[in-house]
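A.B. asks: Here it is, the structure, as structure tokens.
The values are calculated or read from the model by the stated rules, or taken from the named source; none is laboratory data. As the structure is a computational prediction, the values presented were derived from the model and not from experiment. Neighbour counts are summed over all protein chains in view; Cβ atoms, including those assigned to glycine, are modelled from backbone coordinates with ideal geometry. What goes into the accessible areas is simple: the full protein's heavy atoms, side chains included, and nothing from ligands, DNA or RNA. Shrake-Rupley method; radii C 1.70, N 1.55, O 1.52, S 1.80 Å.
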Amino acid sequence: MERIIISGGSRLNGTVRISGSKNAALPLMAASLLTEDLLILENFPRLGDTDTLVKLLSHLGVEIGFDGPSEDNTFESVISLRAAGITDTAAPYDIVRKMRASILVLGPLLARCGRVTVSLPGGCAIGTRPVDLHLAALESLGAQLALRKGYIHARAPKGLTGTNIRFSSVSVGATENLLMAASLAKGTTILENAAREPEITDLAQCLCAMGANISGIGTSRLVVEGVNSLHGARYRILPDRIETGTYAIAAAITGGDVKLLNADKSTLHSQTESLSQVGVNFKTVDNGLNVSCDLSGLKSISITTQPYPGFPTDMQAQIMALLSTARGTSAISEAIFENRFMHVPELCRMGADITIRGTTAIINGIPRLKGAPVMATDLRASVSLVLAGLAAEGQTVVNRVYHLDRGYECLVEKLFALGADIRRDDV
Ligand code: UD1
């Protein structure tokens, strides 16, 4: 089993290149199903999750090719996807169970082919995560749905028809599925209480480059005028704001000074605001953002995770690692997922003083964490343990590295290049 071994205490210094966004790449790849033409995505992140979607799309008949990255990692990857003929409209359990975002093929396949079968993603480590919002909204567009033996069977023999949809709660995935489906529906679809994440804006802009007609982009009210067909496009994926925040905390937690090359500051407001309150310094520089921190000045704060533009749930575990060593008592409330504190017992094994009260974690800062063997349960929990390990006294061994590979491109290489004492081995 592969694991990551870190000897904590090295200050990080230098420049790290931020990769293309995982959570933007996944819906953009699914959008290739909407056209028989070529979709080319630049700044493509090579990750476990994007590999899983490559497998699923290939299974459905999409022809996929790659260019790059160069060996020195300075030339980014490009993926080309052509869904000239869809040979299968069923997304099997064996692939979907590996990654919940596989549900993103539901909307485009239904719109393009009039039928689709997708395995229900089921529960996962960070909560039950149902797909009821996706299904109810697709039904409003005229889809006929049936759930049988763990699979969603959806049909739209006469095509989908636009309508007004108000999501009862904000969902990133449901907004993305509906944007894609509505792009090829007859007439106008209005999506209200839509998610506003930058990754949704990226998807909407790419769909427009493919010939879709979408207005209200970046707001919670998206208006989609359906078109008969979409065409190919070349589109550049936005930088990953969660990877950016993660490296900002890596710099901060080691008292370092790091340039985040390609970071898109416009997508980071709530993160830079909260981290600035904690005592992290940000400076806009050419092509990115500089982060530095004086560890003796770290202060406690209170945060609640929220849909964008609020503080992202995907950064909750990482900021908790940082607050573990800040002076005073911090509170983090998790308002998006009901079971997303699984990193807490592991951080406590490293000496952190954290207690959970309902959906809030209370963190009493301590002067220094201590290295320990730790085990992670999901992607962001795993990376929070790596961050804690960078700061801790002694050695930290992070097991279940595959979680990290799902969402962080070259994590060990990037941290090593910044001066971390980190390596990967296989036992
Ligand atoms: C996406 C992100 C994930 C991030 C999350 C919230 C991708 C690939 N993943 O996940 O990294 O943590 O947004 O920012 O982009 N819900 C329902 N019914 C539904 C759909 C969602 O109850 O049909 C609930 C979920 O259980 C959760 C909340 O709504 O409590 C938000 O989920 P959602 O925004 O849909 O997250 P994902 O799209 O799965």
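A.B. asks: Being part of a loop (DSSP other than H, G, I, E, B), under 30 Å from ALA101 (Cβ atoms) and aromatic (Phe, Trp, Tyr), is that true of even one residue in the range 412-421? Before you say what the answer is, go through the steps one by one.
C.D. replies: Keep residues of the range 412-421 that are part of a loop (DSSP other than H, G, I, E, B), which gives 418-420.
Next, from what is left, pick out any that are under 30 Å from ALA101 (Cβ atoms): 418, 420.
Narrowing further to those that are aromatic (Phe, Trp, Tyr): none.
Looking for residues that are part of a loop (DSSP other than H, G, I, E, B), under 30 Å from ALA101 (Cβ atoms) and aromatic (Phe, Trp, Tyr), one finds none in the range 412-421, hence no.
A.B. asks: Okay, next question. Could you identify the single residue in ALA212, ALA174, ALA204, ALA195 that is of a type in the set (A, V, I, L, M) and in contact (Cβ under 8 Å) with a residue 60 or more places away in the chain?
C.D. replies: Numbers: ALA212 fails: in contact (Cβ under 8 Å) with a residue 60 or more places away in the chain; ALA174 fails: in contact (Cβ under 8 Å) with a residue 60 or more places away in the chain; ALA204 fails: in contact (Cβ under 8 Å) with a residue 60 or more places away in the chain.
ALA195 is the lone residue from the list that is of a type in the set (A, V, I, L, M) and in contact (Cβ under 8 Å) with a residue 60 or more places away in the chain.
A.B. asks: Taking the stated definitions as given, is LEU138 of a type in the set (A, V, I, L, M, F, W, C) and closer than 24 Å to GLU338 by Cβ? Spell out how you get there, then give the answer.
C.D. replies: Values: of a type in the set (A, V, I, L, M, F, W, C): yes; closer than 24 Å to GLU338 by Cβ: no.
No; evaluated as a whole, the condition is false for this residue.
A.B. asks: Also: If I ask for residues that are at pLDDT 95 or above, under 21 Å from the mean Cα position of the chain (by Cα) and either small (Gly, Ala, Ser) or open to solvent by less than 50 Å² (accessible area, probe 1.4 Å) (or both), which ones from the range 50-79 would you list?
C.D. replies: THR50, THR52, LEU53, VAL54, LEU56, LEU57, VAL78, ILE79
A.B. asks: Out of THR244, THR267, which single residue is in the same structural domain as LEU298 (by TED's automatic domain parsing), within 15 Å of the ligand (Cβ to nearest atom) and touching a helix residue (DSSP H, G or I) at 6+ places or on another chain (Cβ under 7 Å)?
C.D. replies: On the way: THR244 fails: touching a helix residue (DSSP H, G or I) at 6+ places or on another chain (Cβ under 7 Å).
Only one candidate passes the filter, namely THR267.
A.B. asks: Within the range 234-255, count every residue that is closer than 30 Å to THR161 by Cβ and open to solvent by less than 20 Å² (accessible area, probe 1.4 Å).
C.D. replies: Going through the range 234-255, the residues closer than 30 Å to THR161 by Cβ turn out to be 235.
From what is left, the residues that are open to solvent by less than 20 Å² (accessible area, probe 1.4 Å) are none.
So the count comes out to 0.
A.B. asks: Moving on to the next point. Show the residue pairs that are 6+ apart or on different chains and have beta-carbon atoms under 8 Å apart, the first residue being within the range 32-44 and over 25 Å from GLU409 (Cα atoms), the second being of a type outside the set (S, T, N, Q) and modelled with pLDDT under 95.
C.D. replies: Between residues of the range 32-44 that are over 25 Å from GLU409 (Cα atoms) and residues that are of a type outside the set (S, T, N, Q) and modelled with pLDDT under 95, the close pairs are GLU36/GLY85.
A.B. asks: Continuing with this model, one more query. Taking the range 318-328 as the region of interest, how many residues are outside any loop (DSSP other than H, G, I, E, B) and out of contact with any strand residue (DSSP E or B) (no Cβ under 9 Å at 6 or more places or on another chain)?
C.D. replies: Quick first cut of the range 318-328, residues outside any loop (DSSP other than H, G, I, E, B) only: 318-323, 327.
Narrowing the set further to residues that are out of contact with any strand residue (DSSP E or B) (no Cβ under 9 Å at 6 or more places or on another chain) leaves 318, 321.
Counting residues in the range 318-328 that are outside any loop (DSSP other than H, G, I, E, B) and out of contact with any strand residue (DSSP E or B) (no Cβ under 9 Å at 6 or more places or on another chain) gives 2.
A.B. asks: Hey, another quick one. Among the residues that make up the range 173-180, is at least one of them surrounded by fewer than 24 Cβ atoms within 10 Å (Cβ to Cβ) and either of a type in the set (Val, Ile, Thr) or touching a strand residue (DSSP E or B) at 6+ places or on another chain (Cβ under 8 Å) (or both)? Before you say what the answer is, go through the steps one by one.
C.D. replies: Residues of the range 173-180 that are surrounded by fewer than 24 Cβ atoms within 10 Å (Cβ to Cβ), as a first pass: 173.
Then drop every residue that is not either of a type in the set (Val, Ile, Thr) or touching a strand residue (DSSP E or B) at 6+ places or on another chain (Cβ under 8 Å) (or both), which leaves none.
No, because not a single residue in the range 173-180 is surrounded by fewer than 24 Cβ atoms within 10 Å (Cβ to Cβ) and either of a type in the set (Val, Ile, Thr) or touching a strand residue (DSSP E or B) at 6+ places or on another chain (Cβ under 8 Å) (or both).
A.B. asks: Suppose we filter ARG112, ARG155, ARG129 for residues that are touching a strand residue (DSSP E or B) at 6+ places or on another chain (Cβ under 9 Å) and surrounded by fewer than 23 Cβ atoms within 10 Å (Cβ to Cβ); which single one remains?
C.D. replies: Answer to the check: ARG155.
A.B. asks: Here's a follow-up. Are any residues in the range 27-48 part of a helix (DSSP H, G or I) and over 18 Å from LEU60 (Cα atoms), and if so, which ones? Step through it out loud before you land on a result.
C.D. replies: Looking only at the range 27-48, we keep the residues that are part of a helix (DSSP H, G or I), and these are 27-34, 48.
The answer is GLY48, and nothing else.
A.B. asks: Continuing with this model, one more query. If you check ILE237 against the conditions, is it over 28 Å from SER382 (Cβ atoms) and of a type in the set (A, V, I, L, M)?
C.D. replies: Details: over 28 Å from SER382 (Cβ atoms): no; of a type in the set (A, V, I, L, M): yes.
So ILE237 fails the test.
Residues are listed down the side, and each one gets a yes or a no for (1) farther than 23 Å from ARG11 by Cβ; (2) of a type in the set (A, V, I, L, M):
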{"residue": "LEU238", "(1), (2)": "yes, yes"}
{"residue": "TYR247", "(1), (2)": "no, no"}
{"residue": "ALA250", "(1), (2)": "no, yes"}
{"residue": "GLY256", "(1), (2)": "no, no"}
{"residue": "LEU261", "(1), (2)": "no, yes"}
{"residue": "VAL278", "(1), (2)": "no, yes"}
{"residue": "ASN281", "(1), (2)": "no, no"}
{"residue": "ASN290", "(1), (2)": "no, no"}
{"residue": "ASP314", "(1), (2)": "yes, no"}
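A.B. asks: With the structure loaded, tell me whether ALA391 is buried (at least 18 other Cβ atoms within 10 Å of the Cβ) and within 18 Å of the chain's Cα centre (by Cα) or whether it fails that test.
C.D. replies: Numbers: buried (at least 18 other Cβ atoms within 10 Å of the Cβ): yes; within 18 Å of the chain's Cα centre (by Cα): no.
No; evaluated as a whole, the condition is false for this residue.
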